[in-house]
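First comes the structure, then the notes that go with it.
The values are calculated or read from the model by the stated rules, or taken from the named source; none is laboratory data. Note that the coordinates shown come from a computational prediction; the quantities given were computed from them, not determined experimentally. Cβ atoms come from the backbone with ideal geometry, glycine included; neighbour counts cover every protein chain shown.
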């Protein structure tokens with residue numbers, strides 16, 4: 001689900017979570033851009049997430065970890081998490097955009113893909129001659145600036161394509177193969193209800209549950225709603241959630257909201273109160289208690305710890 005929010009300077013950002021099985025990617029796509037900027041001292045800043053500079057036209061000079069990078073049209077510079085950086089020079093005809101992203105392993109699962117990416121992203125990366133990445137970024141920029149009908153769906157698809165090519169480029173893998181541990185269930189009588197001819201495949205249940213918790217319907221995030229989507233009884237749905245996730249429905253809801261909140265804390269500068277509202281809490285105190293219980297840190301302590309780790 002994409003979220004559009006107007007910043008104080010009128011720009012628009014787009015936050016999106018892209019999922020590759022056990023790997024989750026949070027994105028902030030900034031519609032602002034750097035235009036002509038005279039040479040100056042870098043005056044660097046840093047982020048807890050990764051930042052990608054993309055030069056759409058002209059020439060720019062970027063400063064990162066004490067080194068200068070001359071960037072030309074279609075060049076990409078990936079700045080590692082916590083690295084000091086800034087743009088210290090740009091030509092009159094230049095335009096440069098930024099995309100910030102954070103990578104996470106979902107819950108307690110081990111992701112070899114995540115480990116590969118973190119190994120490659122320890123230092124700044126300068127990428128040239130990657131036409132697929134460049135063309136997809138240009139399409140993202142166009143969609144974000146126009147915001148036409150179905151813009152959200154188009155951006156979701158484009159970001160999915162971009163990250164597939166991005167991961168392939170960084171890990172030198174021709175394809176990405178990931179699968180969950182085998183999961184089997186005994187199909188109940190309820191599965192013969194309206195909507196199916198015969199029994200639905202086992203993957204139907206796991207896919208629907210994963211989609212439900214990934215795109216949590218805040219206004220109706222109830223066990224009854226999930227059971228309706230699964231065409232199962234409430235009781236059987238509860239057992240299915242406990243078996244698949246190893247926790248109750250209530251616990252899974254809380255964990256999902258807290259983890260989404262943690263990603264927003266790490267990937268954005270939004271206030272903690274606003275984040276609590278976005279992830280589905282009616283009060284900040286409720287979010288504070290749930291977050292502290294699961295993360296063993298308060299939301300503010302968690303945000304501060306991200307910088308201390310750099």
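Please work out which one of (1) surrounded by fewer than 19 Cβ atoms within 10 Å (Cβ to Cβ); (2) in contact with a helix residue (DSSP H, G or I) (Cβ under 9 Å, 6 or more places away or on another chain); (3) under 20 Å from residue 25 (Cα atoms) is the condition residue 298 fails and give its number.
Unmet for residue 298, out of (1) surrounded by fewer than 19 Cβ atoms within 10 Å (Cβ to Cβ); (2) in contact with a helix residue (DSSP H, G or I) (Cβ under 9 Å, 6 or more places away or on another chain); (3) under 20 Å from residue 25 (Cα atoms): (3).
Give the residue, chosen from 58, 82, that is surrounded by fewer than 19 Cβ atoms within 10 Å (Cβ to Cβ) and either within 23 Å of residue 304 (Cα to Cα) or out of contact with any strand residue (DSSP E or B) (no Cβ under 7 Å at 6 or more places or on another chain) (or both).
82
From the list 123, 162, which one is modelled with pLDDT of 85 or more, surrounded by 16 or more Cβ atoms within 10 Å (Cβ to Cβ) and either in a helix (DSSP H, G or I) or out of contact with any helix residue (DSSP H, G or I) (no Cβ under 7 Å at 6 or more places or on another chain) (or both)?
Values: 123 fails: surrounded by 16 or more Cβ atoms within 10 Å (Cβ to Cβ).
Selected residue: 162, the only one of 123, 162 that is modelled with pLDDT of 85 or more, surrounded by 16 or more Cβ atoms within 10 Å (Cβ to Cβ) and either in a helix (DSSP H, G or I) or out of contact with any helix residue (DSSP H, G or I) (no Cβ under 7 Å at 6 or more places or on another chain) (or both).
So which residues in the stretch 264-276 are in contact with a strand residue (DSSP E or B) (Cβ under 8 Å, 6 or more places away or on another chain) and buried (at least 19 other Cβ atoms within 10 Å of the Cβ), if there are any at all?
Once the filter is applied, which keeps residues that are in contact with a strand residue (DSSP E or B) (Cβ under 8 Å, 6 or more places away or on another chain) and buried (at least 19 other Cβ atoms within 10 Å of the Cβ), the stretch 264-276 yields 264, 267, 268.
What are the pairs with Cβ atoms under 8 angstrom where one residue, in the stretch 64-90, is within 18 Å of residue 135 (Cβ to Cβ) and the other, located anywhere, is modelled with pLDDT of 90 or more? Sequence gap at least six, or different chains.
If the second residue must be modelled with pLDDT of 90 or more, the pairs left are 71/77.
Could you go through the stretch 277-284 and let me know if any residue there is within 25 Å of residue 51 (Cα to Cα) and either surrounded by fewer than 14 Cβ atoms within 10 Å (Cβ to Cβ) or touching a residue at least 12 places away in the same chain (Cβ under 8 Å) (or both).
Yes: one or more hits.
Output the qualifying pairs, or none if there are none: Cβ atoms under 8 angstrom, residues six or more apart or on different chains, first residue in the stretch 239-252 and in contact (Cβ under 8 Å) with a residue 12 or more places away in the chain, second residue loosely packed, with under 13 Cβ neighbours inside 10 Å and in a loop (DSSP other than H, G, I, E, B).
Cβ pairs passing all conditions: 244/183.
Filter the stretch 41-81 for residues that are within 15 Å of residue 100 (Cα to Cα), at pLDDT 85 or above and in contact with a helix residue (DSSP H, G or I) (Cβ under 8 Å, 6 or more places away or on another chain) and give the result.
Across the stretch 41-81, the qualifying residues are 54, 76.
So which of 288, 213, 196, 204 ends up being at pLDDT below 85 and part of a helix (DSSP H, G or I)?
204
Just one of the numbered conditions (1) free of Cβ contacts under 8 Å to residues at least 24 places away in the same chain; (2) loosely packed, with under 15 Cβ neighbours inside 10 Å; (3) under 23 Å from residue 19 (Cα atoms) is not true of residue 139; which one?
Exception for residue 139: condition (2).
Return yes when residue 287 is surrounded by 20 or more Cβ atoms within 10 Å (Cβ to Cβ), more than 19 Å from the chain's Cα centre (by Cα) and closer than 29 Å to residue 46 by Cβ and no when it is not.
yes
I'm told residue 149 meets every condition in (1) modelled with pLDDT of 50 or more; (2) assigned to a helix (DSSP H, G or I) except one. Can you identify the failing condition by its number?
Result: residue 149 passes all but (2).
Name the residues in the stretch 231-270 that are at pLDDT 90 or above, closer than 23 Å to residue 298 by Cβ and not in a helix (DSSP H, G or I), would you?
Within the stretch 231-270, just 247 meets the criteria.
Which of the residues spanning the stretch 165-174 are in contact with a helix residue (DSSP H, G or I) (Cβ under 8 Å, 6 or more places away or on another chain) and modelled with pLDDT under 85?
Residues of the stretch 165-174 in contact with a helix residue (DSSP H, G or I) (Cβ under 8 Å, 6 or more places away or on another chain): 165-167, 169-171, 173-174.
Of everything in the stretch 165-174, those that are in contact with a helix residue (DSSP H, G or I) (Cβ under 8 Å, 6 or more places away or on another chain) and modelled with pLDDT under 85 turn out to be 169, 170, 171, 173, 174.
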